[in-house]
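The values are calculated or read from the model by the stated rules, or taken from the named source; none is laboratory data. This structure is a prediction, so every number in the text was calculated from the model and none was measured. Neighbour counts run over all protein chains shown; Cβ positions are idealised from the backbone, glycine included.
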Amino acid sequence: MPATRKQRMQDQLREVLYEIIRREMRDPRFSDGLLSITDVEVTTDYKNATVFVSLLGGSEEARLEKLNLLRGATGVLRQELKRSKAFINVPSLTFKYDEAIERGSYMFDVLEKVRREDDARPKPLVVEEEESKEEAAE
């Protein structure tokens, strides 16, 4: 299925914003963890965009500080988006924290723990089907 205009804009916003943040925001508070733009949702009128970010590493307080830094830099980020000439009209940006990667990592850890516990349990003795049929026939 071909990408819609909205989907193309969301993809391009995600890519260009990531490059701008990586290149332009040289704030040392971004150096102690991994910032990832996981998704961008643009409204149907293309005037507003919600940018979902994942911030791995550091404490919860540090993540909240980074998110607030991004929110405070929306004006600068919009100017850079205009300067990139990738967009005719640049939407307003709203940043939201996306916990999906952390939840996925947590679920992986839980499943791995369950697997290790299962491997540590003694296995039940399995009787062969033919042997049980012979015993039943006698």
Checklist entry - Taking Arg78, is it surrounded by 12 or more Cβ atoms within 10 Å (Cβ to Cβ), within 17 Å of Val16 (Cα to Cα) and among the basic types (Lys, Arg)? => result yes
Checklist entry - Does Leu17 meet the test of being buried (at least 17 other Cβ atoms within 10 Å of the Cβ), in a helix (DSSP H, G or I), in contact with a Leu (Cβ under 9 Å, 6 or more places away or on another chain) and in contact (Cβ under 8 Å) with a residue 40 or more places away in the chain? => result yes
Item to check | Tally, over region 80-96, of residues that are farther than 18 Å from Lys6 by Cα, in a helix (DSSP H, G or I) and touching a residue at least 12 places away in the same chain (Cβ under 8 Å) | outcome: 1
Checklist entry - Being assigned to a helix (DSSP H, G or I) and either within 16 Å of the chain's Cα centre (by Cα) or in contact (Cβ under 8 Å) with a residue 24 or more places away in the chain (or both), is that true of even one residue in region 46-57? => result no
Item to check | Every residue from region 97-117 that is touching a residue at least 40 places away in the same chain (Cβ under 8 Å) and in a helix (DSSP H, G or I) | outcome: Ala100, Ile101, Glu102
Item to check | Conditions (1) in contact (Cβ under 8 Å) with a residue 60 or more places away in the chain; (2) on the phi > 0 side of the Ramachandran plot; (3) not hydroxyl-bearing (Ser, Thr, Tyr); number of the one not met by Leu77 | outcome: (2)
Checklist entry - Here are Phe52, Phe95, Phe108, Phe87: which of them is at pLDDT below 90, closer than 27 Å to Ile20 by Cα and of a type in the set (Phe, Trp, Tyr)? => result Phe87
